[in-house]
Amino acid sequence: PTIDQAAAMDALRADLGGEEPMLRLLQGDVGSGKTLVAAYGLALAAIAGHQGALLAPTDLLARQHAATLGDLLAPLGLPVTLLTGSLSGAGTAKSLATIADGSARVVVGTHALLQDRVAFPRLALAVIDEQHRFGVGQRAALEAKAGGVAPHVLLMTATPIPRTLGQVL
């Protein structure tokens with residue numbers, strides 16, 4: 001990791017180990033390593049026995065994240081579960097089952113993650129990529145999947161906007 005990525009990872013580790021739920025904005029240009037930092041946070045949550053979910057605005061981006069995270073987390077024995085609207089019926093059923101029984105510790109998906117039928121028994125970290133492309137209600141819907149306990153939230157963006165900065169402040 002670069003110096004800035006390592007600093008962001010250190011901040012994540014401290015926040016995830018703290019008493020208060022994290023709400024952090026990770027801003028960086030495309031290709032600056034935001035996904036690497038997110039992978040670190042998702043790995044920490046998964047290794048601790050919890051679940052982490054990364055919400056992406058498009059099917060293509062969700063698949064890219066799933067592939068990248070899969071490569072990064074495979075050495076740790078952490079498979080990545082994908083849930084998008086374009087999965088086959090059998091693929092969707094398998095993903096929903098592993099999410100619901102908690103065996104899917106790292107989940108990547110699109111708006112499909114927000115459906116009522118998606119149940120996370122141990123969601124501890126919600127990562128929202130390109131968060132400005134989701135409404136307040138959509139972000140809250142993912143956070144609500146933590147079952148009444150506020151999860152840690154990592155918002156990622158390459159395009160900071162005043163509402164985003166205001167939300168974090």
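Only the coordinates and a few stated rules stand behind these numbers; no lab work does. Here the structure is a predicted model, which means the values were calculated and not measured. Using ideal geometry, Cβ is built from the backbone for each residue, glycine included, and neighbour counts are taken over all protein chains shown.
Things worth noting here:
- Taking Cα atoms only, the orientation of helix 3-16 departs from the longest principal axis of the chain by about 60 degrees.
- Dividing the summed -39500 (n - 2.57) terms of all DSSP H runs of n ≥ 4 by the residue count of the chain sets its mean residue ellipticity at 222 nm at -13000 deg cm²/dmol.
- Between the Cα long axis of helix 34-47 and the first principal axis of the chain there is an angle of about 60°, rounded to the nearest 10.
- Listed residue (A7, T98, L125) projecting farthest to the positive dipole end of the chain, Cβ model: T98
- Evaluated at q = 0.15 Å⁻¹: base-10 log I(q)/I(0), Debye formula over Cα of segment 1-136: -0.69
- Relative counts (whole %) of C-alpha pair distances in segment 70-169, using bins that are 10 Å wide: 14, 45, 32, 8, 0
- Mean separation of Cα contacts under 8 Å, 6 or more apart, over the residue count of the chain: relative contact order %: 29
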